[in-house]
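Visitor: Pasting a structure here, questions to come.
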Amino acid sequence: MRIRLILTDLDGTLLEPDGILVGDAAAALVALAAAEVPVCPITSKTAAELTPIMERLRLTTPAGFENGAGVRHRDGATELLPSAVLLAELLDAVDSLRRDSGAPARTLLELGDEELAALTGLGPSAVAAARVRQATLPLLVDGRWDEALRAALPAQPRLRLIRGNRFLHLQGDHTKAASASRVGELAGGANGAVVACGDAPNDAELLAAADVAVIVPGRDGPHPELLRRLPHALVAPQPHGRGWAVAVTALLAGKDLPRRRPSGGEGGDDGESS
């Protein structure tokens, strides 16, 4: 199978939950570059967060940011997609959501630097970059409140709530798949299969839209919602970056992965998918 490009989530997938790139994943990136297969991050991270990460990974490809709200071009310029809803409107909607649902939700912008760093493992500069949001607003709230918050969502078809592993994201009516389509156009390349890799529920539409979907497990196994929604997806045999490396290296070599869950539990990792 010829691979045209790889669309990938970052934290918990290509990277470890704390953002570290393990040696196996670094070697896989080198192999993909040698084969001229573009690797394009599709993440919930902000464009400001993406810049240093892509420099560290030596990626010069286009990328999607903020759960499909926009695209970062090769030259670093950003483009918001038509479905994106600006931060000011999301901040207004949060007040209604909390009042109508009673949920004790706090936005990422309301968290102190130390608390946000402890939750995410981010350093000071990365914490600052995570606050430079354009069109998504992560909410810190127990998942048991998700349905109440969705029921209280203002009657605006432009807004939706999407669960990551750590945060519930308030945003426009888009998913990572929205930016993936635009990233594919910008990436160009020869004919071949589009491979998508992810580890959390907010990756589901991205994986479903690809020719080949790869679920990357967390420490306790693949996320049960991804297994339920994507029964025919491939499952990486190891967690996080090591599993990502095994999967993409096998696909690059024309091998396949078993369409089964690896050994271990069904729970997803507790790190935030990006």
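The values are calculated or read from the model by the stated rules, or taken from the named source; none is laboratory data. Source: prediction; values computed, not measured. So basically every Cβ, Gly included, is an ideal-geometry build from the backbone, and we count neighbours across all protein chains shown.
Visitor: Collect the residues in the range 197-236 that are surrounded by fewer than 18 Cβ atoms within 10 Å (Cβ to Cβ) and part of a loop (DSSP other than H, G, I, E, B), keeping them in residue-number order.
Guide: Asp211, Arg219, Asp220, Pro231, His232
Visitor: As an exercise: evaluate Arg166 against (1) farther than 17 Å from Lys45 by Cβ; (2) assigned to a loop (DSSP other than H, G, I, E, B); (3) of a type outside the set (S, T, N, Q); (4) touching a residue at least 12 places away in the same chain (Cβ under 8 Å) and give the number of the one condition it does not meet.
Guide: Result: Arg166 passes all but (1).
Residues checked against (1) buried (at least 24 other Cβ atoms within 10 Å of the Cβ); (2) farther than 21 Å from Gln238 by Cα:
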site	(1), (2)
Arg4	no, yes
Thr13	yes, no
Glu49	yes, yes
Glu55	no, yes
Gly64	yes, yes
Arg72	yes, yes
Asp95	no, yes
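Visitor: Looking at (1) assigned by TED's automatic domain parsing to the domain that holds Ala204; (2) in contact with an Asp or Glu (Cβ under 9 Å, 6 or more places away or on another chain), which is the one condition that is false for Asn67?
Guide: Tallying (1) assigned by TED's automatic domain parsing to the domain that holds Ala204; (2) in contact with an Asp or Glu (Cβ under 9 Å, 6 or more places away or on another chain), Asn67 fails exactly one: (2).
Visitor: Taking only the range 40-95 into account, find how many residues are closer than 19 Å to Pro17 by Cα and aliphatic (A, V, I, L, M).
Guide: Total meeting the criteria: 7.
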